[in-house]
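The values are calculated or read from the model by the stated rules, or taken from the named source; none is laboratory data. Quantities reported herein were computed from a predicted structural model and do not represent experimental measurements. Note: ideal-geometry Cβ built from the backbone for every residue, glycine included; neighbour counts use all protein chains shown.
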Amino acid sequence: MTMDLSHGGILRLVGIVIGVLMSLYHMWAIAFGTPEAVYFRGTHLLFALTLVFLFYDRSAKRAGRPPDAIDYGMLVLSAAPILYLFFNYDYIVNRIYYIDDLSTADMVLGAIMVVAVIEGTRRALGWALPITAIVFLVYGLFIAKLEPMRLMDQLFMTTEGIFGIPLSVSAAYVLIFVLFGSFMERTGTGQLFMDFAMSLTGHTAGGPGKVSVVSSSLFGTISGSAVANVMVDGPIAIPLMKRTGFPPHFAAGVEATASTGGQIMPPIMGAAAFVMAEFLAVGYGQVIIWALIPSILYYVACFGAVHFEAKRRGLVGLPRSELPVFSRVMAERGHLFLPVVAILAVMYSGYSAPMAALVGTLLCFPVAALRPSTRGNVTWKNVMEAMADGARNAVTVALACACAGIIIGVVMLSGLGIVFTQLVVGLAQDWLLVALFLTMAAGIVLGMGMPTTPAYIVMTALLVPAIIKLGVIPPAAHMFALYFAVLSAITPPVALAVFAAAGIAKSDIWKSGLAAVKIGAAGFIVPFMFVYEPALLMIGDSWLWIVWRFVCAVAGILLFAGGLHGYFLTWASLWQRVLLAAGGFALVFPSVWSDVTGAVLAGVVLAAQWLARQRTPATAGAR
């Protein structure tokens, strides 16, 4: 085979080499000890900026073209400030922040760094997050009247700005888990998840919809991206849903909603979960424990919505003859679950989450080599491409975290967080529910224009302190913010997961978005549940009470979903739908009296529906 020595061919080879080097660097850092913060975070950002200026077009007009002199110039300019920090490390660490004046070189290179990060983020993610960062910079300079030298000190010369906690999380946690996901994909785990879900649920009412829910929850745990999840599962699940009778917009809504929940699904959540662990100064394993019950409730809501909608429409599953056999799936590909099991085992043996992910990553290809069905994926080319893919997939998160660091730097230096907290508390008038709704709305709006991680970071800086001040415990407050930053992916008018799913389903975007909100509506009340009842985060109280609240929450979520979709045991009339929804709300509220009320309301509807089923076949009510 002849080597492609054209500009494009050489560039592709360079991209693979840089991606492999980036992956190897981070694997080395986890195995042998992370370098000092400036070196580690700076190198991580340097790799990301190199990839973004070489492989992301600066405008739609240049889409698909190789980089030109401007792109190479931006690459050199973006590297200069980071290399300056490396070569002047002793000066950087020995000066007194905010007191010693910056030199002209410090100011110039700091300004170049800020511009390079904003431009790199624009190329990787679009305008929303860069504009947000620019707005905060304008606020800091012209409204808060921050001294430019002190602002540049904060953003560039310390680890409280661009090189702050968000970028630290991206470097230490996100890349290795993204790399793990890339290795899993290259060894055929995506097909395992799909076949596994098909064998379990494909034959039931609305089976392909349930397949989407189950497979998306599994794949989402390793992809950490709702859109990526849709693009992997959607091409298989959406046509199957349409074939069995689901309208295209509903099929798109199911896929988008199921894919979005992967970011809150343990054991491997989205990037924002690692940021949360860092902000709260807890181990990642603790975040997994907090997230477990809420994520189960979210998927119970999705599963229930699909089931009730299928029953209402009289839809059936796929013939068993067309479905994979569970025993065969596990015999041929079940061993691919072993790296995930290894991650959990290492993590709960007391090692760090990055170390656990490194072990899981290194096991992927050896495990795939165990059986002939997956041995064909074990090639050096596949390994190299998996490392390059992992690095490229981490670029957007790295740039988002660096740009979010600009926002955090301005907030910290200007005291805007305190001002915003006072504003929210003043608007809420000490009513926690009002503050929660304000936080929910802000999370959805922020998430419309930027990925989950920076949306969560901004909420943490501006809104989370307000609801903590009103009495919410910190884990519940942070989980609340994370939840709605995630759910913005299915909330119109800008819902990226819905856009991706609607494109596959060839359905109307607005109809698909409204279907996604309806499917996930029961899930929207989950964050309010754990704010008012921390037992759902497995915090405090006895295990008996935690189990009781979980059972009531599951029952309430299913009743609420049944009320929304007009079916429970059989087709539900208007009054039954109202009582089902009301009973669901009552059961999720943490009170014995509300539990009794919810049980009574549910009992009335269930009794009426049971009598109706005795008189007519279950499918007769399908409308």
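Just to be sure before I move on: is T34 of a type in the set (V, I, T) and touching a residue at least 40 places away in the same chain (Cβ under 8 Å) in the structure I sent? Spell out how you get there, then give the answer.
Values: of a type in the set (V, I, T): yes; touching a residue at least 40 places away in the same chain (Cβ under 8 Å): yes.
Yes.
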Out of (1) touching a residue at least 12 places away in the same chain (Cβ under 8 Å); (2) not in a helix (DSSP H, G or I), what's the single condition that is false for V52? (2)
Tally up the residues in region 409-431 that are assigned to a helix (DSSP H, G or I), out of contact with any Asp or Glu (no Cβ under 9 Å at 6 or more places or on another chain), touching a residue at least 60 places away in the same chain (Cβ under 8 Å) and not polar (S, T, N, Q), please. 3
Just give me the residues in region 418-430 being buried (at least 19 other Cβ atoms within 10 Å of the Cβ) and not hydrophobic (A, V, I, L, M, F, W, C), in sequence order. T421
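Here's a check for you: in region 235-263, which residue that is surrounded by fewer than 24 Cβ atoms within 10 Å (Cβ to Cβ) and of a type in the set (V, I, T) is modelled with the highest pLDDT? Give the steps one after another, and end with the answer.
Initial filter on region 235-263 (surrounded by fewer than 24 Cβ atoms within 10 Å (Cβ to Cβ)): 235-236, 239-240, 242-245, 247-249.
Still in the running and of a type in the set (V, I, T): 236, 244.
Details: I236: 78, T244: 83.
Selected residue: T244.
Let's see how each residue does on (1) more than 31 Å from the chain's Cα centre (by Cα); (2) closer than 23 Å to F484 by Cβ:
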site	(1), (2)
A521	no, yes
Y532	no, yes
I546	no, no
W571	yes, no
A581	no, yes
A608	yes, no
Q614	yes, no
Scanning region 121-145 for residues that are in contact with a Gly (Cβ under 8 Å, 6 or more places away or on another chain) and closer than 14 Å to I408 by Cβ, the one surrounded by the most Cβ atoms within 10 Å (Cβ to Cβ) turns out to be L129
Name every residue in region 192-218 that is aliphatic (A, V, I, L, M) and farther than 16 Å from H307 by Cβ, in order of residue number. L192, M194, M198, L218
Could you tell me which residue of region 79-96 is surrounded by the fewest Cβ atoms within 10 Å (Cβ to Cβ), considering only residues that are hydrophobic (A, V, I, L, M, F, W, C) and touching a residue at least 40 places away in the same chain (Cβ under 8 Å)? V93
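Residue-by-condition table, conditions (1) over 25 Å from the mean Cα position of the chain (by Cα); (2) surrounded by 16 or more Cβ atoms within 10 Å (Cβ to Cβ); (3) among the charged types (D, E, K, R):
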{"site": "M22", "(1), (2), (3)": "no, yes, no"}
{"site": "P35", "(1), (2), (3)": "yes, no, no"}
{"site": "R41", "(1), (2), (3)": "no, yes, yes"}
{"site": "A48", "(1), (2), (3)": "no, yes, no"}
{"site": "L54", "(1), (2), (3)": "yes, yes, no"}
{"site": "R58", "(1), (2), (3)": "yes, yes, yes"}
{"site": "A63", "(1), (2), (3)": "yes, no, no"}
{"site": "D71", "(1), (2), (3)": "yes, yes, yes"}
Every listed condition ((1) more than 30 Å from I10 (Cβ to Cβ); (2) touching a helix residue (DSSP H, G or I) at 6+ places or on another chain (Cβ under 6 Å)) holds for L45 save (1)
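Does V486 satisfy being in a helix (DSSP H, G or I), in contact with a helix residue (DSSP H, G or I) (Cβ under 8 Å, 6 or more places away or on another chain), crowded, with 24+ Cβ neighbours inside 10 Å and of a type in the set (V, I, T)? Outline the logic, then answer.
Values: in a helix (DSSP H, G or I): yes; in contact with a helix residue (DSSP H, G or I) (Cβ under 8 Å, 6 or more places away or on another chain): yes; crowded, with 24+ Cβ neighbours inside 10 Å: yes; of a type in the set (V, I, T): yes.
When the stated conditions are applied, V486 passes them.
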Could you go through region 523-534 and let me know if any residue there is touching a Lys or Arg at 6+ places or on another chain (Cβ under 9 Å), in contact (Cβ under 8 Å) with a residue 24 or more places away in the chain and surrounded by 15 or more Cβ atoms within 10 Å (Cβ to Cβ). yes
